[in-house]
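The values are calculated or read from the model by the stated rules, or taken from the named source; none is laboratory data. Remember, it's a predicted structure, so these values are computed and weren't measured experimentally. When we count neighbours, we look across all protein chains shown, and the Cβ atoms used for this are built from the backbone with ideal geometry, even at glycine. Side chains are part of the model used for accessible areas, which takes the heavy atoms of the whole protein and leaves out ligands, DNA and RNA. Shrake-Rupley method; radii C 1.70, N 1.55, O 1.52, S 1.80 Å.
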Amino acid sequence: MPVFYVARKKVDKSGDTPKERYYATAKALQKRGQGISAKELADELADDSSLTSGDVLSSLEQLPKKIVWHLKMGRTVTIQGLGTFSLALGSDGADSPEECKPSTINSVRICFRPDPKMKKLLTKDIDFERVDWAPEKPRKKKEENK
């Protein structure tokens with residue numbers, strides 16, 4: 001099964017004059033929100049192990065909570081074969097280290113660095129196929145009940 005991609009137009013500003021170019025961008029073919037569910041993943045993992053689907057599902061549901069707990073404790077989380085989770089902060093600039101206070105932090109992100117073994121699995125025997133794609137129409141916001 002190939003990995004599908006679309007050709008997306010972007011402005012290339014690397015030269016003297018900006019020009020429009022097309023770049024390959026991965027495209028999932030399912031509709032938004034219809035990717036593999038935790039239950040489906042748990043069933044697949046249970047088929048490949050001695051655990052029940054319920055055991056795996058319970059572990060999958062607890063995993064994000066435990067990762068966040070450790071990140072909040074100032075640790076990184078490495079899952080061998082999967083990758084490493086870490087925090088990244090965004091803040092306003094300060095003129096001195098003393099002025100760089102918690103109040104200057106305006107965003108917290110979770111970063112993920114895949115394990116090299118996982119990257120190798122992904123790139124081994126991979127095929128690509130271009131698909132035609134039209135962007136989904138933007139969803140209309142539901143009007144508030146009056």
Task: Flag for G90 being open to solvent by less than 80 Å² (accessible area, probe 1.4 Å) and either in contact (Cβ under 8 Å) with a residue 60 or more places away in the chain or part of a strand (DSSP E or B) (or both) - done: yes
Open item on the list: Of the conditions (1) in a loop (DSSP other than H, G, I, E, B); (2) loosely packed, with under 10 Cβ neighbours inside 10 Å; (3) basic (K, R), R75 satisfies every one except a single condition; which number is it?
Closed with: (2)
Task: Among (1) under 20 Å from A38 (Cα atoms); (2) charged (D, E, K, R); (3) in a strand (DSSP E or B) - the single one K65 does not satisfy - done: (3)
Open item on the list: Name the residue that is nearest to F128 (Cα to Cα), counting only residues in the range 7-33 that are of a type in the set (V, I, T) and touching a strand residue (DSSP E or B) at 6+ places or on another chain (Cβ under 9 Å).
Closed with: T25
Open item on the list: Looking at (1) open to solvent by 100 Å² or more (accessible area, probe 1.4 Å); (2) touching a residue at least 12 places away in the same chain (Cβ under 8 Å); (3) of a type in the set (A, V, I, L, M, F, W, C), which one does I67 not meet, given that it meets all the others?
Closed with: (1)
Open item on the list: Looking at the range 32-64 only, could you name the residues that are within 18 Å of the chain's Cα centre (by Cα) and touching a residue at least 12 places away in the same chain (Cβ under 8 Å)?
Closed with: R32, A38, L41, L60, E61
Open item on the list: So, in the range 93-113, exactly how many residues are surrounded by 13 or more Cβ atoms within 10 Å (Cβ to Cβ) and either without any contact (Cβ under 8 Å) to a residue 12 or more places away in the chain or hydroxyl-bearing (S, T, Y) (or both)?
Closed with: 2
Open item on the list: Here are the criteria: (1) open to solvent by less than 70 Å² (accessible area, probe 1.4 Å); (2) without any contact (Cβ under 8 Å) to a residue 40 or more places away in the chain; (3) part of a strand (DSSP E or B). Tell me which single one R21 does not satisfy.
Closed with: (1)
